[in-house]
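Quick notes on the structure that follows.
The values are calculated or read from the model by the stated rules, or taken from the named source; none is laboratory data. This is a predicted model, so every value here is computed, not measured. Using ideal geometry, Cβ is built from the backbone for each residue, glycine included, and neighbour counts are taken over all protein chains shown.
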Amino acid sequence: MTLKDIAKEAGVSISTVSRVINKNGTSAASKEVQDRIWEIVRRTGYIPNTTARNLKTGQTADAPARSRSIACVFARTKDPMNDAFFSTLARSIEQEAYKHNYVVKYVLTSLDIHSPNTFRLVVDNQVDGVAVLGRCDKPMLSFLKKYFNYVVYSGLNNIDAKYDQIICDGYQVALAAMEELFSLGHSRIAYVGETTNENRYEGYCSALAAKKLLLRRELVVNVPLSTEGGYQGATKLLAQSRDFTAIFCPNDTTSIGVMKAVQEAGLRIPRDVSLISIDDIDMVQYITPMLTSMHIPITEMGQMAAKTLIDRIEGGHHLPMKISLPFFIAKRESCGGPRKWNP
């Protein structure tokens, strides 16, 4: 397999393939093209010609480095390629690993670990390490402990395991999101999203408690973090209570569904209801109104996860590390001061 072969199969130019593989940036090609190219690289096990690259850049090497492999496990989402947060995180890991002469050999989801075919895949195609994306449950942690020597975790929730962790603390992010709503004058704030073992929900609850505001159960709707979950959750919320002036969602995908339900109910954002969420995926800049969201450094999380895992594999460190990356608020159009409207 060569760059020319990849270009032909992907239906793009050789230069486009080269930019995507050798440069770590989202401007190299569209998301769809990048995903297509990396899928071919992963499936075919393409290995760059290190010697040729060194000759081109004027570098020398005693011997070409052996390409090594890692796996990605999506512990939380069932459809990672259609999840903007996790697909971006995985792409960043793959790109960074490739720069260090590592390839992502296979990708698994939480559903796969119960399949006999997965066990054969793991045993027969042993990789050097694994990057786990999203919060793990106990069966997943047992699976990792049994089959992988080197593990790095990346996500918004801390996990109770002695693995390297690259996180952006969702609890602190949620506190900051709620503080933004408080600063605008909101005190009746609803929550639409997952509640079980979710630190963003815990942040919501803690923020209310710090302001001595009651946690009103009729303003909390427990739904999956998805567009459909957000839509159904907001529909249920509006049916059981309209005594709120703002909604907090734990991720942007959910908030997009919430926005649709709120607008279909004849309410205006932010004039009637303010909406804030977490992630700051690209899509939220292209909806109406543009969504105010807490920016998570997803690409940097992936880069750091890959570097940490490779350093662990190569013996660079031995004690488990926890690295927490910063966040900031991306203020747009979906938040404003509270307005009285008839519940």
Discussion item. Filter the range 256-292 down to the residues that are among the basic types (K, R) and part of a helix (DSSP H, G or I) and list them by number.
Written reply: K260
Worksheet item: Is the range 332-340 home to any residue that is modelled with pLDDT of 95 or more, surrounded by fewer than 23 Cβ atoms within 10 Å (Cβ to Cβ), within 22 Å of the chain's Cα centre (by Cα) and not aromatic (F, W, Y)?
Response: yes
Item to complete: Name every residue in the range 145-170 that is assigned to a helix (DSSP H, G or I) and either acidic (D, E) or buried (at least 19 other Cβ atoms within 10 Å of the Cβ) (or both), in order of residue number.
Response: G170
Fill in: Test for I278: is it under 13 Å from C168 (Cα atoms), among the β-branched types (V, I, T), under 17 Å from the mean Cα position of the chain (by Cα) and surrounded by 22 or more Cβ atoms within 10 Å (Cβ to Cβ)
yes
Worksheet item: Of the residues that sit in the range 256-275 and are touching a residue at least 40 places away in the same chain (Cβ under 8 Å) and either within 25 Å of G134 (Cβ to Cβ) or β-branched (V, I, T) (or both), which one is surrounded by the most Cβ atoms within 10 Å (Cβ to Cβ)?
Response: V258
Worksheet item: Name the helices (runs of 4 or more DSSP H) wholly within the range 1-92 that hold at least 2 residues that are modelled with pLDDT of 70 or more and more than 27 Å from S154 (Cα to Cα)?
Response: 3-10, 14-22
Worksheet item: Taking the range 217-249 as the search range and keeping residues that are in contact (Cβ under 8 Å) with a residue 40 or more places away in the chain and in a helix (DSSP H, G or I), which one is surrounded by the fewest Cβ atoms within 10 Å (Cβ to Cβ)?
Response: L237
Worksheet, complete the sentence: Out of (1) in contact with a Phe, Trp or Tyr (Cβ under 7 Å, 6 or more places away or on another chain); (2) not hydrophobic (A, V, I, L, M, F, W, C); (3) not in a helix (DSSP H, G or I), the one Y201 does not meet is (3)
Worksheet, complete the sentence: Reported set for the range 171-198 where residues are out of contact with any strand residue (DSSP E or B) (no Cβ under 8 Å at 6 or more places or on another chain), closer than 28 Å to Q232 by Cβ, at pLDDT 95 or above and not in a helix (DSSP H, G or I) is S187
Practice prompt. Read through the list (1) surrounded by fewer than 24 Cβ atoms within 10 Å (Cβ to Cβ); (2) within 23 Å of D169 (Cα to Cα); (3) more than 17 Å from the chain's Cα centre (by Cα), then give the number of the only condition that I313 fails.
Written response: (2)
Response to the item:
Listed by first then second residue, the pairs whose first member lies in the range 30-41 and is in contact (Cβ under 8 Å) with a residue 24 or more places away in the chain, whose partner is aromatic (F, W, Y) and assigned to a helix (DSSP H, G or I), with beta carbons under 9 Å and at least 6 positions apart or on separate chains, are W38/Y98; V41/Y98
Fill in: Every residue from the range 101-140 that is surrounded by 15 or more Cβ atoms within 10 Å (Cβ to Cβ) and at pLDDT below 80
S110, D112, I113, T118, F119, L121, V122
